Amino acid sequence: MNIIGRLTRDAEVHTTPQEKKVVNFSVAINDSYRNKQGERIEQTSYFDCSYWISPNVAKILLKGALVELTGRVSTRAWTATNGELRSSLNFHTSTIKLHGGSKKIEQVQAIVKQENTKIIIEESADDLPF
């Protein structure tokens, strides 16, 4: 599955009890449609994402960045401390494609590519001559 959205916070690297590193981040996807009355309805879906291939990708996954992710979706349900049932969508990411760029992204791009990760950084549309 592919999703395109913006990061809601900077990515964080966590270490599991088995000493494996995982990058965790969250993505918001905005969608809109018109209902039967012709009103425009805006919806936002949030995905908790995990990426296991390289922890260095966390350096470029910054709040507000537009990303295209490939992977698989799973759901998670739990009971909160107040007894309320909760659920979330989890996206197990296999490929990250970053749209646009910033100076910080350009600085770490070489480091990330050296690690042979599945990350693609595209040039910003602002750089086009037309």
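For residue 72 and residue 36, the FRET efficiency from 1/(1 + (r/R0)^6), where r spans their Cβ atoms and R0 equals 35 Å, is about 0.55. Here's how it looks for residue 49: its modeled amide H is under 5 Å from those of 25, 26, 27, 91, which are all 5 or more places away or on a different chain.
Phi angles of region 39-55 translate, via the Karplus equation with coefficients 6.51, -1.76, 1.60 and θ = phi - 60°, into HN-Hα couplings of 7, 7, 10, 9, 10, 10, 10, 10, 10, 7, 10, 9, 9, 9, 6, 8, x Hz per residue; Gly and Pro are given as x.
Give a quick list of trypsin sites (Lys or Arg not before Pro) in region 25-95 that DSSP marks as loop, anything other than H, G, I, E or B, with at most 12 other Cβ atoms within 10 Å.
Details: sites: 34, 36, 40, 59, 63, 72, 76, 86; in loops: 36, 63.
Here the trypsin sites (Lys or Arg not before Pro) that fit, given the DSSP loop and packing criteria, are 36, 63.
For residue 8 and residue 29, compute 0.36 nm times the residue count separating them, minus their Cα-Cα distance, and round to one decimal in nm. Provide the component values of the computation, followed by the final result.
Numbers: separation 21, 0.36 × 21 = 7.56 nm, distance 0.99 nm.
Difference between extended and current length: 6.6 nm.
Read-outs: derived from the displayed coordinates by stated rules, not from any lab. Only a predicted model underlies this, so the values are computations on that prediction, with no experimental measurement involved. Note that we place each Cβ from the backbone using ideal geometry, even for glycine, and neighbour counts take in every protein chain shown.
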